[in-house]
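Structure, as C-alpha cells:
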Amino acid sequence: MGDASQMLHLLMDWKDLELLWIVKARLDPISRRLISLLWMSLTQRELYSKHNDIIIVDSTYNTNRFQMILCIVTIIDNNYRTRIVACMIIEDETLDTYQWIFDRYLSAPAVHISHRFEPPEKAQRKTGQSVRGIPS
C-alpha cells in the first residue's frame with residue numbers, strides 16, 4: 001500500500017470513529033493519482049462555523065518527496081488565538097483547486113482573501129464574489 005493510500009485509510013478510520021469528520025480526496029480522472037486531499041475534524045468544523053470572519057490560508061512548497069503542497073486553513077477565534085480548521089494536501093494552487101476547497105467543503109464567507117496566484121480583480125470576475133487582496 002502506498003503512502004497516499006495509507007494516509008487516506010488512516011483518515012477514513014478516524015472518520016469512521018467520528019462520522020462528522022470531513023475527508024475528501026480528489027483523483028486525477030485518467031491516472032487515478034491523488035491530486036487533492038482535505039480533512040477536517042468535528043472540532044475544526046465547529047470552530048470554522050463560529051469564527052470565519054478572518055481566514056488565513058498558508059501553504060508550504062516542495063517540502064516532501066511527493067512535491068505536493070501542504071495547505072493549512074486557520075481562523076482567529078474570539079480569544080484572538082489562531083486555530084487550525086482544515087488541512088489539505090494539494091497538487092497546485094490554481095483557482096480550480098481553491099474553488100474545490102471553499103465552494104464544496106468550506107462555506108466561504110462573502111469576502112475572500114486572495115493569494116499570490118492571481119489578482120483580486122480577476123478572482124472577483126471569476127467568482128462573482130467580493131474579493132480583497134492582502135499582500136503576502
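For the reader, a short list of remarks on this structure follows.
- Of everything in segment 8-24 that is in contact with a Leu (Cβ under 7 Å, 6 or more places away or on another chain) and open to solvent by 50 Å² or more (accessible area, probe 1.4 Å), the residue that is farthest from Ser41 (Cα to Cα) is Leu8.
- Positions within segment 75-86 being open to solvent by less than 50 Å² (accessible area, probe 1.4 Å) and in a loop (DSSP other than H, G, I, E, B), in sequence order: Asp77
- In segment 38-55, residue least open to solvent (accessible area, probe 1.4 Å) [restricted to those that are of a type outside the set (A, V, I, L, M, F, W, C), in contact with a strand residue (DSSP E or B) (Cβ under 6 Å, 6 or more places away or on another chain) and not in a loop (DSSP other than H, G, I, E, B)]: Tyr48
- Among the residues making up segment 92-123, a single one is modelled with pLDDT of 85 or more, outside any loop (DSSP other than H, G, I, E, B) and surrounded by fewer than 13 Cβ atoms within 10 Å (Cβ to Cβ): Asp96.
- Residues considered: Ile30, Ile72, Ile89, Ile35. Of these, the only one that is free of Cβ contacts under 8 Å to residues at least 12 places away in the same chain and either open to solvent by less than 50 Å² (accessible area, probe 1.4 Å) or in a loop (DSSP other than H, G, I, E, B) (or both) is Ile30.
- Residue check, Asp58 open to solvent by 30 Å² or more (accessible area, probe 1.4 Å), closer than 20 Å to Gln99 by Cβ and in contact (Cβ under 8 Å) with a residue 12 or more places away in the chain: yes
- Residue count for segment 5-27 under the criterion of being under 16 Å from the mean Cα position of the chain (by Cα) and not in a helix (DSSP H, G or I): the result is 7.
The values are calculated or read from the model by the stated rules, or taken from the named source; none is laboratory data. Here the structure is a predicted model, which means the values were calculated and not measured. Methodologically, a virtual Cβ is constructed for each residue, glycine included, from the backbone with ideal geometry; neighbour enumeration extends over all protein chains shown. What goes into the accessible areas is simple: the full protein's heavy atoms, side chains included, and nothing from ligands, DNA or RNA. Shrake-Rupley method; radii C 1.70, N 1.55, O 1.52, S 1.80 Å.
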